[in-house]
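What follows is one structure encoded as structure tokens, with my remarks underneath.
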Ligand SMILES: Cc1cc2nc3c(=O)[nH]c(=O)nc-3n(C[C@H](O)[C@H](O)[C@H](O)COP(=O)(O)O)c2cc1C
């Protein structure tokens, strides 16, 4: 029985080992209040049987979208290996303890940036952002606490789809849907690629 999470973790590790740039980069698709799609790249910071975690500004467009419509899809693509993984499901906030632990591991300047950036809102000039970073650095010269507007989300997969390229575009595409009755907890279904 194939466990799609284990396959994902294996593929990600292979991408890392091969020196792929930003191997954890994934497209995050959300839905806005009007029902329109929105997509952008984010970085995967953790994946286990509970789901796929990324961090962001809660007051960003994606933060508001996920607050009102808590579902998302993720899409990874490792061109070097001709592989794609899609992850689809509801989204939940990570705990404060998880967000604190990850924030603490970030570079000092990234921590300052998290305070200074009003992500997704209009910015008059890059200079204004740099000034805001300098202001935060003065306020928190040593340890930088996690901003209240900065945390993470976990996409809990309803399904995970593994795609790998085949010859003459006869690709291999299998969607694994979570199913408590199925062997291993995932029901596989092969789809036309
Ligand atoms: C490779 C890559 C990784 C990124 N990782 C993140 C991330 O982990 N978190 C984040 O908030 N934005 C990240 N961004 C920036 C987002 O793509 C986006 O510009 C920003 O989050 C604002 O999106 P929004 O206005 O839809 O909320 C990344 C961009 C790129 C190109």
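Bear in mind that the values in this text are calculations on the coordinates, not laboratory data. The model shown is predicted, which means the values in this text are computed figures rather than measured ones. Reconstructed Cβ throughout: ideal geometry from the backbone, glycine too, with neighbour counts over all protein chains shown.
Some observations on this one:
- Counting only strands (runs of 3 or more DSSP E) that sit completely within region 44-154, those holding 2 or more residues that are within 13 Å of the ligand (Cβ to nearest atom) and buried (at least 19 other Cβ atoms within 10 Å of the Cβ) correspond to 51-57, 71-78.
- Pair list, Cβ under 6 Å, 6 or more apart: region 40-61 residue without any contact (Cβ under 8 Å) to a residue 24 or more places away in the chain and closer than 18 Å to residue 105 by Cβ, other residue in a loop (DSSP other than H, G, I, E, B) and more than 6 Å from the ligand (Cβ to nearest atom): 43/24
- Count of region 162-173 residues, restricted to those that are in contact (Cβ under 8 Å) with a residue 24 or more places away in the chain and over 12 Å from residue 3 (Cβ atoms), is 5.
- Some residue of region 95-108 being touching a residue at least 60 places away in the same chain (Cβ under 8 Å) and on the phi < 0 side of the Ramachandran plot: no
- Within region 29-39, restricting attention to residues that are farther than 12 Å from residue 73 by Cβ and in contact (Cβ under 8 Å) with a residue 12 or more places away in the chain, the residue that is farthest from the ligand (Cβ to nearest atom) is 33.
- Test: residue in region 168-185 that is surrounded by fewer than 17 Cβ atoms within 10 Å (Cβ to Cβ) and within 30 Å of residue 59 (Cα to Cα): no
- Test result for residue 9, without any contact (Cβ under 8 Å) to a residue 24 or more places away in the chain, more than 16 Å from the ligand (Cβ to nearest atom) and not in a loop (DSSP other than H, G, I, E, B): no
- Residues satisfying the stated conditions in region 176-193, i.e. part of a strand (DSSP E or B) and either out of contact with any helix residue (DSSP H, G or I) (no Cβ under 9 Å at 6 or more places or on another chain) or over 14 Å from residue 3 (Cβ atoms) (or both): 177, 187, 189, 190
- Qualifying residue in region 65-78 (condition: touching a helix residue (DSSP H, G or I) at 6+ places or on another chain (Cβ under 8 Å) and more than 27 Å from residue 170 (Cα to Cα)): yes
- Figure legend. Inter-residue proximity from region 68-86: first residues free of Cβ contacts under 8 Å to residues at least 60 places away in the same chain, second residues surrounded by fewer than 16 Cβ atoms within 10 Å (Cβ to Cβ), beta-carbon distance below 6 Å, spacing 6+ or different chains. Indicated pairs: 68/33; 70/90; 71/90; 75/27.
- Residue list for region 18-27, filter: surrounded by 13 or more Cβ atoms within 10 Å (Cβ to Cβ) and near the ligand (Cβ under 8 Å from one of its atoms): 25
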